[in-house]
Amino acid sequence: MSTAARNRRFIGAHTINNGGVHMAVRRAGRGGMTAVQVFTAVPKYYNDKMSVRPERAERFRKEVAASGIDPKMILVHAPYVLSVATPDDEKWARASGGLTKELERSSDLGCGSVCFHPGSAGDDTPANAAKRIARAITAALRAVKSDTRLLVENTAGAGRTMGRTAAEVGEILSHVPKMLRARTGYGLDTCHLFSSGYDIRESRAAFTGILDEFEEAAGEAPSFFHLNDSAGELGSNRDRHVLIGEGALGTDPFKWLLTDARSEGIPLVLETPQQNYEVADDDDSPDPYDLRMMKLLSSL
């Protein structure tokens, strides 16, 4: 990536994939987006046996080229059920297999990165859970040789979920072998930060300090941001996204983020509600809510 590209801000949304994952990219391109997030498979299943057919991969890559979106700015969200923090050996094995398969699918499609929720430690310690998460990351990276990165997403902190704090994110990544470390990292969701107790709306200085805390703990800056307002209050542990400006966060944290150098050269992705979830398979128009949010962000 050129210096000019690194200094740009790449903003998009998790667009609807009705009609196929390539249609999600087309809708993003039609909406003027420079980043996009997609699912490669239904997110409520492990998908640990599912591969990408060559013709599907070719169709996707052609759509990416036509959209003008840099493949590095395509973020895949792994299935929600892949709890690689679990102490249950059987469930861990299947979740780990699903994470590896997701990395394989995303690599076949030529996507820049995959993000995933680490899952719950259950009745075990966070320290042991961090090692299990890192073990799943390591297994996936060793099995799939590609430039697609595998990124931990911070969580809203409900129950025993891992990744709610900078320290937990840093500990997870510390257990990944050094030779593989460049292929992994983390990203931050604004709703999750707030819901897990980080008051990113307090002031610009507080917001910057929170990003500093994560960067220090992980040894690097975030590799993506999810741009979501929060339906829940500070520390509520509720993972409920709402349109920016219509929740507890307001617009200031997003303004501060877009003027922080750590938002340059990485995907900045809206995961806010859609107006039309039942868009026809052949309808490539971008969602009106996404267009409204893109316009809002460009005005900050």
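The values are calculated or read from the model by the stated rules, or taken from the named source; none is laboratory data. As the structure is a computational prediction, the values presented were derived from the model and not from experiment. As a convention, Cβ positions derive from the backbone with ideal geometry for all residues, glycine included, and neighbour counts pool all protein chains shown.
Being surrounded by fewer than 23 Cβ atoms within 10 Å (Cβ to Cβ) and not charged (D, E, K, R) is the filter here; which residues of segment 224-238 pass it? Result: 231, 232, 234, 235, 236, 237.
For segment 253-290, filtered to residues that are among the aromatic types (Phe, Trp, Tyr) and in contact with a Leu (Cβ under 7 Å, 6 or more places away or on another chain), the residue that is surrounded by the fewest Cβ atoms within 10 Å (Cβ to Cβ) is 289. Each residue in segment 244-265 was checked for being among the charged types (D, E, K, R) and free of Cβ contacts under 8 Å to residues at least 24 places away in the same chain, and 1 pass. Pairs only if they're at least six apart or on different chains, beta carbon under 7 angstrom, first in segment 170-183 and farther than 12 Å from residue 133 by Cβ, second outside any helix (DSSP H, G or I) and of a type outside the set (Lys, Arg); list them, first residue then second. Pairs found: 183/150.
Being farther than 28 Å from residue 31 by Cα and either surrounded by 15 or more Cβ atoms within 10 Å (Cβ to Cβ) or without any contact (Cβ under 8 Å) to a residue 60 or more places away in the chain (or both) is a property that holds for residue 216. Those helices (runs of 4 or more DSSP H) of segment 1-99 in which at least 3 residues are modelled with pLDDT under 95, considering only elements entirely within it, cover 3-6.
In the set (1) under 22 Å from residue 16 (Cα atoms); (2) in contact with a strand residue (DSSP E or B) (Cβ under 8 Å, 6 or more places away or on another chain); (3) aromatic (Phe, Trp, Tyr), the condition left unmet by residue 194 is number (1). The set of residues in segment 57-70 being surrounded by fewer than 18 Cβ atoms within 10 Å (Cβ to Cβ), closer than 19 Å to residue 105 by Cβ and touching a residue at least 24 places away in the same chain (Cβ under 8 Å) consists of 59, 61, 62.
Regarding segment 202-215, can at least one residue be identified that is in contact with a strand residue (DSSP E or B) (Cβ under 7 Å, 6 or more places away or on another chain) and closer than 24 Å to residue 158 by Cα? The answer is yes; a qualifying residue exists.
Only one of the numbered conditions (1) in a loop (DSSP other than H, G, I, E, B); (2) touching a Leu at 6+ places or on another chain (Cβ under 8 Å); (3) under 30 Å from residue 67 (Cα atoms) is violated by residue 114, and that is (1).
Can you pull out every residue in segment 158-181 that is of a type in the set (D, E, K, R), outside any loop (DSSP other than H, G, I, E, B) and crowded, with 23+ Cβ neighbours inside 10 Å? The one that is of a type in the set (D, E, K, R), outside any loop (DSSP other than H, G, I, E, B) and crowded, with 23+ Cβ neighbours inside 10 Å: 168. One residue alone among 157, 122, 187 is without any contact (Cβ under 8 Å) to a residue 40 or more places away in the chain and small (Gly, Ala, Ser), and that residue is 122. Residue 119 passes every criterion in (1) more than 27 Å from residue 229 (Cα to Cα); (2) of a type in the set (Gly, Ala, Ser); (3) buried (at least 21 other Cβ atoms within 10 Å of the Cβ) apart from (1). Scanning segment 246-278 for residues that are closer than 25 Å to residue 114 by Cα and hydrophobic (A, V, I, L, M, F, W, C) turns up 254, 257, 258, 261, 266, 268, 269, 270. Scan segment 36-46 and give yes if some residue there is in contact with a Phe, Trp or Tyr (Cβ under 6 Å, 6 or more places away or on another chain), in contact (Cβ under 8 Å) with a residue 24 or more places away in the chain and surrounded by 17 or more Cβ atoms within 10 Å (Cβ to Cβ), otherwise no. No; the residues of segment 36-46 include none that is in contact with a Phe, Trp or Tyr (Cβ under 6 Å, 6 or more places away or on another chain), in contact (Cβ under 8 Å) with a residue 24 or more places away in the chain and surrounded by 17 or more Cβ atoms within 10 Å (Cβ to Cβ).
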